[in-house]
Amino acid sequence: MEPLGHTSHTEADLDNKLGLTDPDAINRAELEGIARAQHFIFSLSPRQPITAALIRRIHYEAFHHLYEWAGKYRRVSVLVGVLEPPHPAQVPLLMYQLEKNLELRLPYATRGMEELVEVLAEVHHRLTFIHPFRNGNGRTARLVCDLISLRCGGPPVVLYAREGDLRRLYIEALRQADRGNLEPLQGLIRAALEREQERFRELAG
């Protein structure tokens, strides 16, 4: 076990249980895990509260087949680009605060599209800012947003593909959110919800 507070780049923490070294093979294995986590989300009872423990379980479902640290809060400090997320000792309290804030905000998110967009942007940014896990934080944030949207009667939130302009816009929106401006992230989430709603309408009719 690494000492609490050790610093590393998240990209270096990808040693995996399967011994995979080819990036494409790792990506495929991770996608399989994300699909499993999505199935887990769909299987949850609507009465299941969205807690810090559940967020850890979602991360575990997505990554436990590959990584020993799946579902565990990080015990190291990390650098994400030029930003340093909160010290690992702060993570449990920050996640508890996120849980309590979501408990208060979830009823508000059920009022309509704009309210849902606000809450999704808040939760998504807060999770990526806290960076509770060694890796997979953005993917976990998107899975949690899927769960929140489904609970509020919305569709999944498909923010971007792995490559392309939408990913670039997503990264820039997170940077803006770090500076206190959530509007770009809200815009991406709003557009994603509208795309999925339109796709469902086309499939239905």
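The values are calculated or read from the model by the stated rules, or taken from the named source; none is laboratory data. Predicted model only: the values in this text are computed from it and were never measured. Positions of Cβ are generated from backbone atoms using ideal geometry, with glycine treated the same way; all protein chains shown enter the neighbour counts.
Could you list, in sequence order, all residues of the stretch 130-172 that are among the hydrophobic types (A, V, I, L, M, F, W, C), closer than 22 Å to ARG105 by Cα and assigned to a helix (DSSP H, G or I)? Scanning the stretch 130-172 gives ILE130, ALA141, LEU143, VAL144, CYS145, LEU147, ILE148, LEU150. For beta carbons closer than 6 Å, sequence separation of 6+ or different chains, a first residue in the stretch 13-39 that is within 23 Å of ILE55 (Cβ to Cβ) and a second that is among the aliphatic types (A, V, I, L, M) and in a helix (DSSP H, G or I), the qualifying pairs are GLY33/ALA62; ILE34/ALA62; ALA37/ILE58; ALA37/ALA62; ALA37/LEU143.
Of the residues screened, ALA204 is not one that is more than 20 Å from ILE34 (Cα to Cα) and surrounded by 15 or more Cβ atoms within 10 Å (Cβ to Cβ).
None of ALA37, ALA62, ALA70 is buried (at least 20 other Cβ atoms within 10 Å of the Cβ) and not in a helix (DSSP H, G or I) except ALA70.
Taking first residues from the stretch 78-101 that are surrounded by 14 or more Cβ atoms within 10 Å (Cβ to Cβ) and in a loop (DSSP other than H, G, I, E, B) and partners that are at pLDDT 95 or above and of a type in the set (Lys, Arg), the Cβ contacts under 9 Å between residues at least 6 apart in sequence or on separate chains come to PRO85/ARG74. If we scan the stretch 147-159, do we find a residue that is touching a residue at least 60 places away in the same chain (Cβ under 8 Å) and within 12 Å of the chain's Cα centre (by Cα)? Yes, the stretch 147-159 has at least one match.
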